[in-house]
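Okay, structure first, notes after.
The values are calculated or read from the model by the stated rules, or taken from the named source; none is laboratory data. Note that the structure is predicted; figures quoted are calculated from it, not measured. Neighbour counts are summed over all protein chains in view; Cβ atoms, including those assigned to glycine, are modelled from backbone coordinates with ideal geometry. With ligands, DNA and RNA removed, areas are computed over all heavy atoms of the protein, side chains included. Shrake-Rupley method; radii C 1.70, N 1.55, O 1.52, S 1.80 Å.
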Amino acid sequence: MTISPIKPLFTAKSVSTGGRNGTSKAEDGTVSVTLSVPKEMGGPGKPGTTTPEHLFATGYAACFGGALDFAAKQHKKDATGAEITCAVSVGPRDAGGFGIAVKMTVTDKAMPTAELKELVQEAHEKICPYSHATRDNVQVEFDVQGA
């Protein structure tokens, strides 16, 4: 697979200290979180903290929603009411180390399911930068629920 270079329009920069039991914050101050390893992974699961998986899920859901809306507008359709739920799981890989898997649920009761599926496919294959970044590296599964 060939990497397709980009012409940066915006660059977000964050600094993390302490890994999964530390802090992470955007350089411009817009995001600041305290991290903790969840109990399911053998950590303390401190209240009021988050994980890298939460951050990835939040970013991917928001980005995919934008990509879906962009695809819909190209076809003179409206997907602004679509709800994107992104579940990111982390666990050991058969090949060693750890990996993530994504399950994305896209719901829009204002659009027929077949039409919504086509737009989701287009957003995933052609538009969303998170989808491009995960392709052939992360298992991404979709559940599409329209009218």
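Between 49, 105, 30, where does the largest GNM mean-square fluctuation fall for the chain, given springs only between Cα atoms within less than 10 Å? Most flexible of the set in this elastic network: 30. Accessible surface computed residue by residue for segment 1-66, with neighbouring protein chains in place and a 1.4 Å probe, gives 73 Å² per residue.
Between 133, 66, 102, the Cα set farthest toward the positive side of the dipole of segment 52-145 (charges on each charged residue's Cβ, about the Cα centre) is that of 66. Distance from the Cα centroid of segment 1-46 to that of segment 92-147 is 21 Å (rounded to whole angstrom).
Panel note: the C-alpha atoms of the chain, placed on their principal axes, show extents of 47, 34, 34 Å (largest first). When Rg and the Kirkwood Rh are both derived from Cα coordinates, the Rg/Rh ratio for segment 108-147 amounts to 1.03. A convex hull fitted around the alpha carbon atoms of segment 13-91 yields 120 Å³ per residue.
What does DSSP give for segment 52-145 in terms of the percent of beta bridges that are antiparallel, rounded to the nearest 5?
60 percent
When the solvent-accessible area of the chain is split by element, carbon and sulfur atoms take up 55 percent of it, the probe being 1.4 Å.
Between the Cα long axis of helix 113-122 and the first principal axis of the chain there is an angle of about 60°, rounded to the nearest 10.
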